[in-house]
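The values are calculated or read from the model by the stated rules, or taken from the named source; none is laboratory data. All figures in this text were calculated on a predicted structure; none of them were measured in a lab. So basically every Cβ, Gly included, is an ideal-geometry build from the backbone, and we count neighbours across all protein chains shown.
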Amino acid sequence: MFNLPSLPYDYNALEPYIDEETMKIHHDKHHATYVDNLNKALEGQNSLLGMKIEELVMSLDKVPEGIKQAVINNGGGHANHSFFWQVMRPSAGDKPTGKLAEAVISMFGSFDKFKEEFTGKAMTVFGSGWAFLIKKPDGTLALKRHSFQNSPLMHGDKPVLGIDVWEHAYYLKYQNRRKDYIDAWWNVVNWKQVEQNFN
């Protein structure tokens, strides 16, 4: 069975940028529901239940057709959220370093230009979804929008950084002001973890 991972910090640790109530509902309700629904969809599929979530979403060809969409939706939701909690931390607000910084500057020209383009990608997700910085199989970086809970892992890409722009991620504090949420979120990006993801 898949399990809901604990947050790596307290619910209020990302304030004032992401509020405690949003974190409680987002983690304890939304993420927990993806995990519960994934386990229900995979009932009796012991070989699939024994996989890590990343392995599962990279192996959709092994999932029976009748439950595949449920696994894409809920497995993707579990994988994306498990990733999301890790790329944030309290008292962040620094910048990438090392090979990641070199790759970002090489690809986008500057860190500020990268932030601008990533924010633009997140702003243009229509409806619910995610914006990701991904590492493609050839090692190059790219920005991608993903609708709903589709994971980059499903397409053979490795997520390096990602932001949840479903309304449940920000609506209590920011209402319809997605841009304000994204601007605030940059203050809690865990660049050490993002660099590990890249490496």
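Considering every residue within segment 147-158, establish whether at least one is of a type in the set (A, V, I, L, M) and within 18 Å of TYR17 (Cα to Cα). No, every residue in segment 147-158 fails to be of a type in the set (A, V, I, L, M) and within 18 Å of TYR17 (Cα to Cα). Checking segment 126-135 against the condition returns a match, with at least one residue being assigned by TED's automatic domain parsing to the domain that holds ALA169, more than 26 Å from PRO16 (Cα to Cα) and among the basic types (Lys, Arg). Of the candidates ILE67, ILE105, the single residue that is surrounded by fewer than 20 Cβ atoms within 10 Å (Cβ to Cβ), among the hydrophobic types (A, V, I, L, M, F, W, C) and within 22 Å of LEU4 (Cα to Cα) is ILE67.
The sole residue among ALA184, ALA142 that is in a strand (DSSP E or B) and either in the same structural domain as LEU60 (by TED's automatic domain parsing) or of a type in the set (A, V, I, L, M) (or both) is ALA142.
Restricting attention to segment 166-191, and to residues there that are hydroxyl-bearing (Ser, Thr, Tyr) and under 19 Å from ALA13 (Cβ atoms), which single residue is farthest from the chain's Cα centre (by Cα)? Per the criteria, the residue is TYR174. When the residues of segment 148-188 are filtered to those that are touching a Gly at 6+ places or on another chain (Cβ under 9 Å) and buried (at least 22 other Cβ atoms within 10 Å of the Cβ), the one that is modelled with the lowest pLDDT is GLN149. Scan segment 25-33 and tell me whether some residue there is farther than 20 Å from TYR170 by Cα, without any contact (Cβ under 8 Å) to a residue 60 or more places away in the chain and among the polar types (S, T, N, Q). For segment 25-33, residues farther than 20 Å from TYR170 by Cα, without any contact (Cβ under 8 Å) to a residue 60 or more places away in the chain and among the polar types (S, T, N, Q): absent.
Determine which member of the set PHE132, PHE118, PHE114, PHE198 is touching a Gly at 6+ places or on another chain (Cβ under 8 Å) and either on the phi > 0 side of the Ramachandran plot or surrounded by 14 or more Cβ atoms within 10 Å (Cβ to Cβ) (or both). The unique qualifying residue is PHE132.
Scanning segment 6-24 for residues that are farther than 18 Å from ASN187 by Cα, among the acidic types (Asp, Glu) and without any contact (Cβ under 8 Å) to a residue 24 or more places away in the chain yields a count of 0.
Output the number of residues of segment 105-134 satisfying the condition of being among the polar types (S, T, N, Q), over 14 Å from TRP185 (Cα atoms) and touching an Asp or Glu at 6+ places or on another chain (Cβ under 8 Å). Summing the residues that are among the polar types (S, T, N, Q), over 14 Å from TRP185 (Cα atoms) and touching an Asp or Glu at 6+ places or on another chain (Cβ under 8 Å) in segment 105-134 gives 1. For segment 100-120, the condition of being assigned to a loop (DSSP other than H, G, I, E, B) and within 29 Å of ILE25 (Cα to Cα) holds for none of the residues. Only a single criterion out of (1) over 16 Å from the mean Cα position of the chain (by Cα); (2) modelled with pLDDT of 95 or more is not satisfied by THR97, namely (2).
Considering only residues in segment 121-136 that are outside any strand (DSSP E or B) and small (Gly, Ala, Ser), the one that is farthest from PRO96 (Cα to Cα) turns out to be GLY127.
Only one of the numbered conditions (1) buried (at least 17 other Cβ atoms within 10 Å of the Cβ); (2) free of Cβ contacts under 8 Å to residues at least 40 places away in the same chain is not met by ARG145, and that is (1).
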